[in-house]
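Enquirer: Right, I'll just put the structure down here and ask away after.
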Amino acid sequence: MLKKKDFGKDFKWGVTISAFQNEGAAFEDGKSASIWDTFTSDSENVNDGESPGSTSDFYHNYKKDIKRARKLGFKVFRFSLSWPRIIPDGKGEPNPLGIDFYNRVIDTCLKQGLEPWVTIYHWDLPQVLEDEGGWTNREILQWFSNYVEVVTSAFGDRVKHWIVMNEPMTFVGLGYFTGYHAPGRNGIGNFMKAAHHATLCMAEGGRIVKRNVGDAEVGVALSCSYVRPVNKFLFNRSAARRVEGLLNRFFIEPLLGLGYPTDIIPALNIIKSNYLPGDEERLEFDFDFIGLQYYFRVVAKFSLFPPVLFATEVPPWSRKTKLNSMGLDVYPKGLSSLLNFYSKYDNIRKIILTESGVCYPDFLRGDKVNDARRKKYHQKMLKQVKKAIKRDIPVGGYFVWTLVDNFEWREGFKPRFGLVYNDFKTQNRTVKASGKWFKKFLRDE
């Protein structure tokens with residue numbers, strides 16, 4: 001049976017949201033367009049042609065939502081900053097109204113007894129910077145550095161936990177390689193440039209936070225997947241290792257001073273065409289913690305395409321496995337393997353599960369939402385965390401994605417991850433059974 005005390009008194013329990021997915025108010029108080037505002041303005045870019053609109057309207061409901069997080073028993077409130085709200089021109093002078101909004105959010109967290117954990121970049125690049133090449137333009141190192149200087153100077157007196165960037169593989173891979181996400185660009189050349197610049201920005205952002213906020217704890221939040229081969233044939237096992245290299249090693253290893261994983265994916269050597277003198281050293285930064293975000297398993301097999309990997313995924317729907325409402329493979333046991341995998345790296349002193357969640361269809365009946373499968377999912381994930389702690393793997397926190405149902409990027413409103421059900425027409429909130437379970441679990445000692 002799960003007990004809160006089994007995780008230790010210093011274990012961090014949190015919920016997390018993101019600016020674009022929750023705030024709404026896309027053009028209020030001086031905010032400019034992000035790449036996601038632009039991308040979702042075309043109905044063909046969102047499932048069912050939906051528009052984010054006010055999403056869950058955190059911009060006007062932040063006090064109630066933060067108070068709700070505290071009532072559920074959480075001690076950490078992780079949220080992201082909107083770059084185009086803080087610096088509408090992408091570079092240059094900050095927007096006082098944008099700064100003021102996040103000051104209010106931070107102060108409300110502290111008033112409610114919640115630690116504010118700030119994510120500096122969660123995918124919503126100012127459109128004006130994308131017009132100049134976005135993450136493929138090396139100038140973004142200066143743009144991003146300026147942005148980090150602004151936010152650490154504004155909030156560093158109260159915010160002591162910083163996540164420099166969220167899921168670089170997702171926003172680079174889907175945004176600049178496949179074109180499935182904003183800004184909708186594709187091609188291996190765009191991917192390599194954007195990936196290298198993002199890695200440099202993570203390291204440089206960490207250095208700026210440490211310089212400006214002396215007692216800060218700094219990390220990054222990386223997506224990862226449990227990868228296994230479709231069978232034991234050597235060519236499929238090799239394919240799985242290459243997929244693992246891309247999904248689980250690509251960003252963490254250069255940040256640890258190990259370079260990109262060219263040993264398993266030789267084609268990645270072309271990324272070095274984007275190096276300038278000194279880049280090898282600039283890629284490395286000693287983060288206080290590494291955030292991991294695990295949502296789905298990948299089963300891989302050999303394939304001639306794409307030629308960079310010579311591997312492809314066996315579609316989850318063809319394997320008769322458990323799926324979430326986005327058609328992804330739900331496999332909590334995979335977390336154990338991932339925690340083992342990352343714990344073997346030197347210089348990873350602490351691991352935080354900075355996002356953990358699952359989307360299933362939810363139905364409001366009266367004043368109740370019985371999301372039994374979500375509750376069971378979190379229980380299974382926490383059992384894996386508990387086992388890892390017993391093996392002396394330094395897992396220091398578990399943050400639920402997400403507090404309130406919101407806009408799930410290109411997938412629209414259909415995928416619901418929240419502990420709290422949201423009626424997007426009225427913005428009325430209803431705590432789900434999973435949220436009530438966390439409230440009881442976090443209260444019990």
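The values are calculated or read from the model by the stated rules, or taken from the named source; none is laboratory data. What you see is a predicted model, and the numbers here were worked out from it, not measured in a lab. Here Cβ is always computed from backbone atoms with ideal geometry, including for glycine, and neighbour counts include all displayed protein chains. To get the accessible areas, we keep the full protein, side chains included, count just its heavy atoms, and leave off ligands, DNA and RNA. Shrake-Rupley method; radii C 1.70, N 1.55, O 1.52, S 1.80 Å.
Enquirer: Counting only heavy atoms of the protein chains, get the accessible area per residue of the chain (1.4 Å probe) and round it to a whole Å² value.
Expert: On the way: 17880 Å² over 445 residues.
Per residue, the chain has 40 Å² of solvent-accessible surface.
Enquirer: OK, next. Pull out a ≥ b ≥ c, the square roots of the eigenvalues of the alpha-carbon gyration tensor of the stretch 28-106, then state rounded if a/c is under 1.5, prolate if not and a/b is larger than b/c, and oblate in the remaining case.
Expert: Numbers: a/c = 2.54, a/b = 1.21, b/c = 2.11.
Cα axes put the stretch 28-106 in the oblate bin.
Enquirer: When the dipole is taken about the Cα centre of the chain, and only Lys, Arg (+1) and Asp, Glu (-1) are charged at their Cβ, what size is it in debye, to the nearest 20? Could the numbers behind the result be given before it?
Expert: Values: 65 positive and 51 negative charges, 632 e Å.
With Lys and Arg at +1 and Asp and Glu at -1, about 3040 debye.
Enquirer: Only helical DSSP H runs with n ≥ 4 go in: add -39500 (n - 2.57) per run for the chain, normalise by residue count and round the 222 nm mean residue ellipticity to 500 deg cm²/dmol.
Expert: Values: 15 runs with 157 residues, N = 445.
-10500 deg cm²/dmol, from helical runs alone.
Enquirer: How many percent of the alpha carbon pairs in the stretch 1-159 exceed a separation of 23 Å? Don't skip to the end; give the middle numbers.
Expert: Values: 5289 of 12561 pairs.
Cα-Cα pairs of the stretch 1-159 separated by over 23 Å account for 42 percent.
Enquirer: Helix by helix, which DSSP H runs in the chain go 24 Å or more along their axis at the Cα atoms and have an average Kyte-Doolittle hydropathy of -1.0 or more? Before the final figure, lay out each step's value.
Expert: On the way: long enough: 188-212 (35 Å, -0.09); 372-390 (27 Å, -1.57).
Helices meeting the criterion: 188-212.
Enquirer: Which whole-number percent gives the relative contact order of the chain, counting Cα pairs below 8 Å spaced six or more residues apart?
Expert: Working: 901 pairs, mean separation 78.0, N = 445.
After rounding, I find 18 percent.
Enquirer: I would also like to ask the following. Calculate how many DSSP beta bridges within the chain are antiparallel, expressed in % of all such bridges and rounded to the nearest 5.
Expert: On the way: 11 of 51 bridges.
Taking every DSSP beta bridge with both residues in the chain, the antiparallel ones total about 20 percent.
Enquirer: For the stretch 321-445, how big is Rg over Rh, using alpha carbon atoms and the Kirkwood form of Rh? Don't jump to the answer; show the numbers that get you there.
Expert: Numbers: Rg = 15.8 Å, Rh = 15.7 Å.
That ratio equals 1.01.
Enquirer: Here's a follow-up. Which value, in Å² rounded to 10, gives the accessible area of F424 with a 1.4 Å probe and all protein chains present?
Expert: 50 Å²
Enquirer: Now for a separate question. When the label point is put 7 Å from the Cα of K63 along its Cα-to-beta-carbon vector, which residues of the stretch 391-423 have a backbone N closer than 20 Å?
Expert: Answer for the stretch 391-423: 404.
Enquirer: Could you work out the relative contact order of the stretch 51-129, using alpha carbon pairs under 8 angstrom and six or more residues apart, expressed as a whole percent? Don't skip to the end; give the middle numbers.
Expert: Details: 83 pairs, mean separation 31.0, N = 79.
Rounded, it is 39 percent for the stretch 51-129.
Enquirer: On to the next question. Leaving ligands, DNA and RNA out of it, work out the accessible area of I120 with a 1.4 Å probe and give it in Å² to the nearest 10.
Expert: 0 Å²
Enquirer: How would you classify the stretch 277-371 from its alpha-carbon gyration tensor, with a ≥ b ≥ c the square roots of the eigenvalues: rounded for a/c under 1.5, else prolate if a/b is greater than b/c, otherwise oblate? Walk me through the numbers before you get to the answer.
Expert: Working: a/c = 2.50, a/b = 1.36, b/c = 1.84.
Note, shape of the stretch 277-371 comes out oblate.
Enquirer: Positive end of the charge dipole of the stretch 1-159 (Lys, Arg +1 and Asp, Glu -1 on Cβ, about the Cα centre): tell me which of S56, V76, G92 has its Cα farthest that way.
Expert: Sorting the options by dipole projection puts first V76.
Enquirer: Summing Lys, Arg as +1 and Asp, Glu as -1, what charge do residues with Cβ under 14 Å from the Cβ of A203 carry, A203 excluded?
Expert: -4
Enquirer: Return the whole-Å distance between the Cα centroid of the stretch 317-341 and the Cα centroid of the stretch 163-184.
Expert: 21 Å
Enquirer: Could you state how much accessible area F441 has, in square angstrom rounded to the nearest 10, with a 1.4 Å probe and all protein chains kept in place?
Expert: So the heavy atoms of F441 present about 10 Å² to solvent.
Enquirer: Next question, about the same structure. Determine the relative contact order of the stretch 49-193: mean sequence separation of Cα pairs under 8 Å and six or more apart, normalised by residue count, in whole percent. Could you put the intermediate results ahead of the total?
Expert: Details: 169 pairs, mean separation 31.6, N = 145.
So the answer I get is 22 percent.
Enquirer: Return, for the Cα atoms of the chain, the radius of gyration and Dmax in Å, separated by a comma.
Expert: Gyration radius and largest Cα-Cα distance of the chain: 20.6, 63 Å.
Enquirer: Tell me, what % of the accessible area of the chain is carbon and sulfur with a 1.4 angstrom probe? All intermediate terms of the calculation are to be shown ahead of the outcome.
Expert: Values: 9260 of 17880 Å².
Summing carbon and sulfur atoms, their accessible area is 52 percent of the total for the chain.
Enquirer: Order K322, K31, most accessible first, counting only protein heavy atoms with a 1.4 angstrom probe.
Expert: Values: K322 135, K31 20 Å².
My answer, sorted largest first, is K322, K31.
Enquirer: If you don't mind, there's one more thing I want to ask. Among F341, Y360, N370, whose Cα lies farthest out toward the positive end of the dipole of the stretch 305-445, if unit charges sit on the beta carbon of Lys, Arg (+1) and Asp, Glu (-1)?
Expert: It is N370, whose Cα lies furthest towards the positive end.
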